Amino acid sequence: MKYKSNQQVGFTGVETLIVIVIAIFVGIAGYFVYKNYHKPITVKQSASVASVNSKPNPYADWKTYCPSLGSLCVDYPMSWIISQATSPGVQSISITSPSKDTAVVYYPEGSISGSGSKAMVNIVAVGQTAVTSLEVVSEITHWLNPINGVAYTAGVFLEPSANNTTPNNQPIAPGVSYTSNDEPNTYGFEYPASSQYTDELYIVDNPSKNIGVNSFTTTQDAQLWLNSPEVKTATRIIDSVKAKA
C-alpha cells in the first residue's frame, strides 16, 4: 500500500493559493490600467466646445443702424435715440444718450479743419474695429496756447489704421504723447478709401456742441469724462462699427 506525503499535499495547497493571489493581483492591475487608458474625454471636449460657442455677444440686446448716407453701420442701445440733421451742404446723424448729455455723431460727408494751435496729445486707448482699416482712439489734448480759455479737451473718435503714427513716426498706442502744431491728425477718415469725402465719427459731451470742444480745466477731469458710464457706452457704439453689407 502506498501513502501520500502530508508534506507534498501542503506544498500543492500553497502553490494553488499563490496562483490565486497572483491572478487576483493581475486582474486588479489590469482593471486600473484599462481605466487609465480609457478615460471618457467626450464630456471635457463637449464642455470646451460649448464654452467657446457660448461666448456672449456684447451687442446681443442692441439694435443695428445703417444710415442711408455713408458706408458704415453701428450698434447702439435701445434706450439711445437716433436723429438726423441737415445744415447747408452737410448731413449728420446723432445717437444720443437717455440723459441727452452724451452723443455719438456721424458725419458721412464731413469736412476737417484744424485750429493751428500747438498742443500736447496724450493717447489713452486704441482699439481695432471689425473694419480692419479703421480703429478707435481715445485721447486727452493739452492746448499749450489755450483757445478761449480751453486748456484740455478729450475725444473718442474713428480714424484710419494707416495713420496710426505720430508726426515723429512713433506708433500711436496707449501712453504715447506727442506735440502737434495742428489739430491732431484725428477725427477724419475715408471709407471706403476711394471716397471723395472725409467721414467723421466721434463722441461729444453735449449734442449741441461742435467737434473738439469736450473741454476741461484739468487732465483729471478729462479722464473722468472718458471713464464715465455714458462715454464708455458711446465708445462701445464706435467700437461696433462695421461695413454695410
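The values are calculated or read from the model by the stated rules, or taken from the named source; none is laboratory data. Quantities reported herein were computed from a predicted structural model and do not represent experimental measurements. Cβ placement follows ideal geometry from the backbone for every residue including glycine, while neighbour counts extend to all protein chains displayed.
Filter segment 130-142 down to the residues that are surrounded by fewer than 20 Cβ atoms within 10 Å (Cβ to Cβ) and not small (Gly, Ala, Ser) and list them by number.
Restricting attention to segment 130-142, the residues satisfying the condition of being surrounded by fewer than 20 Cβ atoms within 10 Å (Cβ to Cβ) are 130-133, 142.
Within segment 130-142, 131, 132, 142 meet the criteria.
On the given criteria, is residue 230 within 21 Å of the chain's Cα centre (by Cα), at pLDDT below 85 and not in a loop (DSSP other than H, G, I, E, B)? For residue 230, the condition - within 21 Å of the chain's Cα centre (by Cα), at pLDDT below 85 and not in a loop (DSSP other than H, G, I, E, B) - is not met.
When you look at residue 222, is it part of a loop (DSSP other than H, G, I, E, B), of a type outside the set (S, T, N, Q) and at pLDDT 80 or above, yes or no? Lay out the reasoning, then the answer.
Working: part of a loop (DSSP other than H, G, I, E, B): no; of a type outside the set (S, T, N, Q): yes; at pLDDT 80 or above: yes.
No: the conditions fail for residue 222.
Only a single item in (1) under 26 Å from the mean Cα position of the chain (by Cα); (2) closer than 24 Å to residue 234 by Cα; (3) not hydroxyl-bearing (Ser, Thr, Tyr) is not met by residue 84, and it is number (1).
Pull up segment 165-188, narrow it to residues that are surrounded by 15 or more Cβ atoms within 10 Å (Cβ to Cβ) and modelled with pLDDT under 85, then point me to the one that is farthest from residue 76 (Cα to Cα). Show your work before the answer.
Step one: filter segment 165-188 for residues surrounded by 15 or more Cβ atoms within 10 Å (Cβ to Cβ), giving 166, 172, 176, 178, 180, 183-188.
When the remaining residues are screened for being modelled with pLDDT under 85, the result is 166, 180, 183-188.
On the way: 166: 31, 180: 33, 183: 29, 184: 27, 185: 27, 186: 23, 187: 20, 188: 21 Å.
The qualifying residue farthest from residue 76 (Cα to Cα) is 180.
Restricted to segment 65-160, the set of strands (runs of 3 or more DSSP E) holding at least 2 residues that are closer than 23 Å to residue 218 by Cβ comprises 119-128, 134-147, 150-160. Residue 191 falls short on exactly one of the conditions (1) at pLDDT 80 or above; (2) surrounded by 13 or more Cβ atoms within 10 Å (Cβ to Cβ); (3) in contact with a Ser or Thr (Cβ under 7 Å, 6 or more places away or on another chain); (4) not small (Gly, Ala, Ser), and that condition is (1).
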